[in-house]
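All remarks here apply to the structure that follows.
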Amino acid sequence: MQVQESTGRNQNIIEKYNTIRLHSEHICKPLEIEDYVVQPIVDVSPPKWHLGHTTWFFETFILKPNDKAYTVFNDQYDFVFNSYYESVGARVLRTDRGNLSRPSVTDVYRYRAYVDQHMKAFLENNVLSEALAELLQLGLNHEQQHQELLYSDIKYILGHNPLFPAYRTDAVSDPRSIQNNEFVKVESGIYEIGYQGEDFCFDNELGRHKVYLEDFEIAKYPVTNAHYLEFIADGGYTDFKYWHSEGWEWVKENAAKSPLYWHYIDQKWMNYTFAGLKEIDLNEPVCHVNFYEASAFASWKGLRLPTEAEWEAASPHLNWGQRWEWTDSAYLPYPGFTKAPGAIGEYNGKFMVSQMVLRGASVATPEGHSRATYRNFFHPRHQWQFMGIRLAK
């Protein structure tokens, strides 16, 4: 009976593994072969690299240490597809990922098929320990994170092609928001934040703890393009008084005048979307703004961004999930946070400096990653993720 139960559990794991792995390839299906290698900026990785790196994770952390019969696909791939794991060894500089004309896209897909074949055999023939099951779960969630990055990076690659090619001509528009000024009132008191439950979460969500919040109000809906256009029209990008000092330097250095992918053409504001260049939809939540822009907009409105604790406490009453929403909270560990030993400990903890927290989810977020406790984080200058704004007071 125990063998049958283990076999059934492993079959479910294999099905989940196959579904997630195939989805990464589905995301890349509309691409031309040339699109797989482009790296316009350091923050964007070529789609080919994402496909290889997520495969390397399973090879490096599951197969090599636990399957004695396993032979690596290519000895050089440790160097090519390691991202930031210092404890694993040397790696290609992030800025050089776009120089990897080899391995070819065909080779990377062969690599994926090879590792998938061995992972299937390993899962069919082994009862996973609790630790190994948790590691596999992390690997699958890691691949889903890269699926969201694939969408963001593909949009940047195609959105900076002078021809503005569509990713998919049948791509649908983003969900619309509501242009109103409704605020949710939250009374002062002690609230608990942090993950609670038995399902998967990342280590930075753990350490559920109490926080005291003063009375505050938070917008029920995110800021729309129409709202943001008012900020632009009122000289928001030309008046330093709305900006942090660091943000104002960013404006001047980049000659910033609008969110990423906005273009003023023939007296109209246009926006690059997955369906190509389109006139801006005023009712869509504003997207691809960085922390500097979000803070400046809030200042212009005479309001502020919520803290991550405020956001989480209010989340049951909010319309969220269309954009990652900037908070006014630095990315820091929760009480009692500890890094796991070895390479897995490098996953979140070492980034807890110079980053700001975003909450919610976006139209690119994979199923199962939309949690009220999910702590996304990026440097204040980043725009290329699906980032938006929610106001508080």
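Yes/no per residue for (1) among the basic types (Lys, Arg); (2) within 16 Å of LEU206 (Cα to Cα); (3) buried (at least 21 other Cβ atoms within 10 Å of the Cβ):
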| site | (1), (2), (3) |
| --- | --- |
| MET356 | no, no, yes |
| ALA361 | no, no, yes |
| ALA364 | no, no, no |
| HIS369 | no, yes, no |
| ALA372 | no, yes, no |
| PHE386 | no, no, yes |
| ILE389 | no, no, yes |
| ALA392 | no, no, yes |
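Pairs meeting the criteria (first residue in region 213-234 and among the acidic types (Asp, Glu) and modelled with pLDDT of 95 or more, second residue surrounded by fewer than 20 Cβ atoms within 10 Å (Cβ to Cβ) and in a loop (DSSP other than H, G, I, E, B), beta carbons under 8 Å, at least 6 apart or on different chains) are GLU214/SER188; ASP215/GLU187; ASP215/SER188; GLU217/LYS393.
Only one of the listed residues (PHE297, PHE291) is touching a residue at least 24 places away in the same chain (Cβ under 8 Å), under 18 Å from ASN181 (Cα atoms) and aromatic (Phe, Trp, Tyr). That residue is PHE297. Pairs please, first residue from region 28-49 and within 13 Å of LEU149 (Cβ to Cβ), second anywhere and assigned to a helix (DSSP H, G or I) and acidic (Asp, Glu), Cβ atoms under 8 Å, 6+ apart in sequence or on different chains. That search, which allows pairs on different chains as well, returns VAL44/ASP153; SER45/ASP153; PRO46/ASP153; PRO47/ASP35; PRO47/ASP153. Criterion first (among the acidic types (Asp, Glu), under 23 Å from PRO380 (Cα atoms) and modelled with pLDDT under 95) does ASP203 satisfy it? When the stated conditions are applied, ASP203 passes them. Residues of region 286-311 that are buried (at least 22 other Cβ atoms within 10 Å of the Cβ) and more than 20 Å from LYS257 (Cβ to Cβ): LEU305, PRO306, GLU308, GLU310, TRP311. For region 117-138, a residue qualifies if it is open to solvent by 30 Å² or more (accessible area, probe 1.4 Å) and in a helix (DSSP H, G or I), and the qualifying residues are GLN117, HIS118, LYS120, ALA121, GLU124, ASN125, GLU130, ALA131, ALA133, GLU134, LEU135, GLN137.
Does GLU249 satisfy the condition of being under 30 Å from LYS185 (Cβ atoms), out of contact with any His (no Cβ under 6 Å at 6 or more places or on another chain), open to solvent by 10 Å² or more (accessible area, probe 1.4 Å) and among the acidic types (Asp, Glu)? Here the answer is no, as GLU249 does not meet what is asked. Do we find a residue being open to solvent by less than 40 Å² (accessible area, probe 1.4 Å) and either in a strand (DSSP E or B) or at pLDDT below 95 (or both) anywhere in region 160-172? Checking region 160-172: at least one residue is open to solvent by less than 40 Å² (accessible area, probe 1.4 Å) and either in a strand (DSSP E or B) or at pLDDT below 95 (or both).
Quick one: which residue in VAL37, VAL72 is open to solvent by less than 60 Å² (accessible area, probe 1.4 Å), modelled with pLDDT of 95 or more and more than 29 Å from TRP384 (Cβ to Cβ)? Please lay out each step first, then the result.
Numbers: VAL37 fails: more than 29 Å from TRP384 (Cβ to Cβ).
VAL72 is the lone residue from the list that is open to solvent by less than 60 Å² (accessible area, probe 1.4 Å), modelled with pLDDT of 95 or more and more than 29 Å from TRP384 (Cβ to Cβ).
Listed by first and then second residue, the pairs with beta-carbon distance under 9 Å, at least 6 apart or on different chains, first residue in region 136-154 and under 17 Å from SER362 (Cβ atoms), second in a helix (DSSP H, G or I) and open to solvent by 10 Å² or more (accessible area, probe 1.4 Å), are ASN141/ILE20; GLN144/ILE20; GLN144/HIS23; GLN147/ILE20; GLN147/HIS23; ILE154/ASP35. Restricting the first member to region 327-340 and to residues that are in contact (Cβ under 8 Å) with a residue 24 or more places away in the chain, and the second to residues that are among the basic types (Lys, Arg), the beta-carbon pairs closer than 6 Å and six or more apart or on different chains are THR327/ARG359.
Tell me which residues, restricted to region 238-265, are part of a strand (DSSP E or B) and out of contact with any helix residue (DSSP H, G or I) (no Cβ under 9 Å at 6 or more places or on another chain).
Going through region 238-265, the residues part of a strand (DSSP E or B) turn out to be 262-265.
Those that are part of a strand (DSSP E or B) and out of contact with any helix residue (DSSP H, G or I) (no Cβ under 9 Å at 6 or more places or on another chain): HIS263, TYR264, ILE265.
The values are calculated or read from the model by the stated rules, or taken from the named source; none is laboratory data. Predicted, not measured: the structure shown is a model, and the values here were computed from it. Cβ atoms come from the backbone with ideal geometry, glycine included; neighbour counts cover every protein chain shown. The area values use the complete protein model at the heavy-atom level, side chains included, leaving out ligands, DNA and RNA. Shrake-Rupley method; radii C 1.70, N 1.55, O 1.52, S 1.80 Å.
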